[in-house]
Amino acid sequence: MNSRSFSRHARQVLTVANGQPMGAGSDPSIARSWLRCLEDYHLDPALAQAPAVLEHAHVQQGRQRLGQVLEIAGTEMHSLHQQLSGAGHAVLLTDAQGIILNCLTAPTEQRTFERAGLWLGADWSEAREGTNGIGTCLVERQPLTIHQDEHFRGRHTGLTCSSSPVFDPQGELLAVLDVSSARTDVSRQSQFHTMALVSLSAKVIERCYFLRQFEHLWLLRFHVQAESVGLFSEGLLAIDGEGRIQAVNQGALNLIGAPRSGVLGQSVERFFACRLDDLLARAAPQGSAVWPLTTHQGRALFASLRGQPPQPVWTVPASAPPARKPAVQGCWVDPALQDDFRRAVRVFQRDVPLLLCGETGCGKEAFAQAVHQASDRQGRPFVAINCASIPESLIESELFGYRGGSFTGARKEGMRGKLLQADGGTLLLDEIGDMPLALQTRLLRVLEDRQVVPIGGEPRRVDVRIISATHRHLLERVEQGSFREDLYYRLNGLEIGLPAVRERSDRGALLDMLLAAEAAGQAIVLEPAARQALLDFAWPGNVRQMKNVLRAVVALSEQGRITLTDLPAVVRSGTGGIASAPVAPIERASPALGGELDLAERTALLDLLQARRWHLTQVAEHLGISRNTLYRKLRKHGIRRGD
């Protein structure tokens, strides 16, 4: 630009500064910037000096300070440069002071942009260079385009710059992303597309930086559309262990309808119609499952929660040596289950045998594994044997092992039985009620003597803790003579009755956990109608059946969405619903079972069970007793549902 053009541009700046309008359709932020340049910075629009450039050491310090941002932005800058698909563009990233820390151009055009002052370390703050895309964006804190003559300095009127701010999770300016062009044929209208791309890329950088900064906290992601959860327009909240909001992005503020100052440090329960425990129970390591969430103002959203579900009950008692525990798979959000778990771990630490009772598929093995991992034996062997699935002729060798060549068909090298494999750890005897009577005698001797005698071998000391599990009524089998009474009392140090899925108050959390596990990182949207149908189903096969159904619907889902029509007909129809599940006939005993008090208690129990449709958790809570006590009363009075 020659001196005459510089003077003409300077006169135009002064005219606007004196109150004359810039022209129809001009951005008001430009006039504000020109006034700042004259009145606050005392800049000369006709001065033709080149931008100031920081020393290399200072530039490197700035790059190190924003190393993570530069790493994230690098990929996005390359993508943006490719999307512009043409020569004449430089993609720049500056810090919050307007210092250029990264500049991406075509190799053949690098010299052109350097002559324009766009190179590493150049200071493009508004106070130094007047109105320009980078500096004015920093002051106005909004995306904008500065087109040619809209620059304050006459030296920069050959440039067109579209810039967007990048904010950190606390709402402070972190950087500016800018696309500059030195072409003279660029119109302001042509920059609408460029500006949209720059703003989008800035939002992507913001989102990725947010996700990186709070990997150690729970991350709540939400949007009004389920398919938009996980995209740049989603709302993001970083939540600490007490449910306090530590960071929030602008998308979340827009969706919540609150200012940043009114959100940071507040409990998440203040904004959403959901208890903190219920919210955190939905967490998954990848946060892939999407579920409905409602604000207190009634706004319907869809959300996912990234993080490890809290397991407050999986703690070793104070007497146990400190140890680092691996993650335990399971869902024990139900308060009664949590209480049972705490009691189970405490007695298991003292080498008291556990007997787990419950319907087939209700999670007895998962519960046993969780107890093992929460004890001082975590990291040591956990061995399970299903006494019902092994032929009677083989169960002895499976349990006790044998010496090589001790019988026809035996391995030459012999075999260590399950008891020896579990030495130092835990042995789960699943379906103990189906163990052959003769083998029960040998097991009782092992429990008494703490010695194992492999078939054809010598006695060996063994240190093993026993957890047994069954879906049968062992006392009935004792009365029938098919289960040893002394073994029953030896195994029953503490009996834990695990509820069926239909009886659990944490069915929603269980469903979310299993769905996230089956999704294996895939983003899955579970539509509200489908979710409700899954929650209402009675699940006669319990956790095992729920897991199989979810595995099938995830595999068959179209574009990661599960609708009501994707569910099996028996679940979709609602005929197996919890509310409509048939109640098995109850046998009413005669007065011979006990005195008048026993009869009155039995009658009251029967009436309450029928009124609560055999929801044992609700019955126990109504009576103010634990579920284990309730199970003992049911056995005492001979009350049971039909097998």
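The values are calculated or read from the model by the stated rules, or taken from the named source; none is laboratory data. This is a predicted model, so every value here is computed, not measured. Don't worry about glycine lacking a Cβ; one is built from the backbone with ideal geometry, like all the others, and counts go over all protein chains shown.
Of the residues SER181, SER190, only one is surrounded by fewer than 17 Cβ atoms within 10 Å (Cβ to Cβ) and either under 24 Å from SER261 (Cβ atoms) or in contact with a Ser or Thr (Cβ under 9 Å, 6 or more places away or on another chain) (or both); which?
SER190
Got at least one residue in region 484-497 being touching a Phe, Trp or Tyr at 6+ places or on another chain (Cβ under 6 Å), buried (at least 17 other Cβ atoms within 10 Å of the Cβ) and farther than 30 Å from ARG561 by Cα? Let's see the steps before the verdict.
Keep residues of region 484-497 that are touching a Phe, Trp or Tyr at 6+ places or on another chain (Cβ under 6 Å), which gives 497.
Filter once more, so that each one left must be buried (at least 17 other Cβ atoms within 10 Å of the Cβ): 497.
Next, only the ones that are farther than 30 Å from ARG561 by Cα stay: 497.
Looking through region 484-497, at least one residue is touching a Phe, Trp or Tyr at 6+ places or on another chain (Cβ under 6 Å), buried (at least 17 other Cβ atoms within 10 Å of the Cβ) and farther than 30 Å from ARG561 by Cα.
From GLN213, GLN225, grab the single residue that is touching a residue at least 40 places away in the same chain (Cβ under 8 Å), surrounded by fewer than 18 Cβ atoms within 10 Å (Cβ to Cβ) and in contact with an Asp or Glu (Cβ under 9 Å, 6 or more places away or on another chain). Can you show your working first?
Working: GLN225 fails: in contact with an Asp or Glu (Cβ under 9 Å, 6 or more places away or on another chain).
The conditions single out GLN213.
Considering only strands (runs of 3 or more DSSP E) fully contained in region 414-505, which possess at least 1 residues that are of a type in the set (Ser, Thr, Tyr) and under 36 Å from the mean Cα position of the chain (by Cα)?
Of the strands (runs of 3 or more DSSP E) lying wholly inside region 414-505, those with at least 1 residues that are of a type in the set (Ser, Thr, Tyr) and under 36 Å from the mean Cα position of the chain (by Cα) span 426-430, 465-470.
Could you check how many residues of region 102-113 are more than 14 Å from VAL91 (Cβ to Cβ) and surrounded by 16 or more Cβ atoms within 10 Å (Cβ to Cβ)?
Here the count works out to 1.
For ALA384, all conditions in the list (1) assigned to a helix (DSSP H, G or I); (2) touching a Leu at 6+ places or on another chain (Cβ under 9 Å); (3) at pLDDT 80 or above; (4) not aromatic (Phe, Trp, Tyr) hold save one; what is the number of the exception?
Condition (1) is where ALA384 drops out.
Table: residues versus (1) among the polar types (S, T, N, Q); (2) surrounded by fewer than 15 Cβ atoms within 10 Å (Cβ to Cβ); (3) over 28 Å from LYS364 (Cβ atoms); (4) not assigned by TED's automatic domain parsing to the domain that holds GLU227.
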| site | (1), (2), (3), (4) |
| --- | --- |
| ALA517 | no, no, no, yes |
| ASP536 | no, no, no, yes |
| GLY541 | no, no, no, yes |
| GLN545 | yes, no, no, yes |
| VAL553 | no, no, no, yes |
| LEU556 | no, yes, yes, yes |
| LEU564 | no, no, yes, yes |
